[in-house]
Amino acid sequence: MQSTAVMSTGDAPEWVRSEPDMYPNFKYMSATGSASKAEQAKARALSNLAKIFEVQIREVSTTSQDTQTHKKDGVETVESNARIASTVNLKTDKMVQGARIAEQWQSSADLTYHALAVLDRTQAGNNIRGEMRRLDEETQHALDQHNKRSDALLKISDLHKANLLQSDRQTLQKTLKIIDVKGKGASSRWNLADLNEQLQRALRSLPLQTTVKRDDIGGLKNMLQGAVSKAGFNVGSTGYALSASLESQVPIDQGDWHWLRATLKIELIAQDGATVIGYKSWPLKVSASNPSQLDARMSKEADKKLKQELLNSMLEFSI
């Protein structure tokens with residue numbers, strides 16, 4: 001981060017309260033910071049400038065949502081879970097490279113320091129383009145690996161990685177079109193929908209069979225098959241083996257209320273029938289006023305967890 005500003009102690013400059021005239025919004029991105037110490041004020045200004053990118057990324061990443069409707073005791077509730085792209089987690093220091101502290105001012109009334117951080121929009125656009133080029137290079141490498149491999153699970157891993165990379169790039173493209181003074185961005189060589197369809201075909205072609213090791217509640221076999229089907233896999237082919245178990249504890253009686261705990265586990269076995277590729281477990285807990293309701297509620301909780309987590313777990317196993 002560069003700083004060429006000179007401290008001013010006169011009247012409050014306009015940038016403390018509004019857009020700085022010397023750094024208009026159409027040409028610059030800017031942010032202010034204040035603190036009791038000059039260095040802290042500068043750090044906050046730069047941090048607030050970086051947050052602009054995070055806000056833009058979140059805004060363009062929450063346009064699509066997963067919405068689920070539930071009905072209980074005649075009352076319908078709607079849950080909306082926004083899918084926020086992992087691009088939010090990208091280090092914004094790459095994007096704000098070239099930012100500088102343009103102005104500083106100290107209030108004579110309370111001695112508070114104020115700082116103005118600025119970044120040329122053209123520079124910001126170039127920074128994002130650089131990050132997009134990196135994502136494209138990694139995507140090409142993942143697809144090259146995919147074409148060379150023969151193992152079905154590893155091919156899924158490569159396609160999954162390519163999808164994640166291009167999803168991040170798509171979000172950056174939307175952000176770039178907002179920040180870039182030309183508003184054009186940079187189109188990708190790959191169509192994200194096509195990459196996703198390749199991944200879905202690879203999931204369907206994975207040789208997979210399911211088994212249940214232990215089921216203390218009942219119905220786990222159907223739950224597992226339903227979750228596998230929802231995730232896009234075809235069950236029946238000999239090859240990889242996906243096993244599941246549901247082990248419950250002794251119910252807890254607290255008079256008017258009853259609790260049941262259980263552990264749901266899944267395990268992916270390689271085609272040699274012995275090597276464990278991946279393992280996941282989730283603790284589950286349900287309660288009811290009537291102990292006869294516990295098993296049904298635990299079954300429902302296990303079914304929900306499998307449907308939510310199976311695909312991501314399998315993709316993690318493939319990495």
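Quick note: the coordinates plus some simple rules give every number you see, no bench work behind them. All figures in this text were calculated on a predicted structure; none of them were measured in a lab. Here Cβ is always computed from backbone atoms with ideal geometry, including for glycine, and neighbour counts include all displayed protein chains.
For LYS148, a cut-off of 27 angstrom between C-alpha atoms picks up these lysines, skipping any fewer than 8 places away in its own chain: LYS161.
Is the C-alpha gyration tensor of the stretch 123-204 telling us rounded, prolate or oblate? Criteria: a/c under 1.5 is rounded; beyond that, a/b larger than b/c is prolate, otherwise oblate. Because a/c hits 1.5 or more and a/b exceeds b/c, the stretch 123-204 counts as prolate. Length, then width, then depth: along the principal axes, the Cα atoms of the stretch 255-319 run 49, 21, 14 Å. Normalised by residue count, the stretch 206-318 yields a Cα convex hull volume of 85 Å³ per residue.
In terms of surrounding Cβ atoms within a 10 Å radius of their Cβ, ILE178, ILE277, ILE266 rank from fewest to most as ILE178, ILE277, ILE266. Between ASP151 and ILE277, the modelled labels are 0.8 nm apart [label points 7 Å from Cα along Cα→Cβ].
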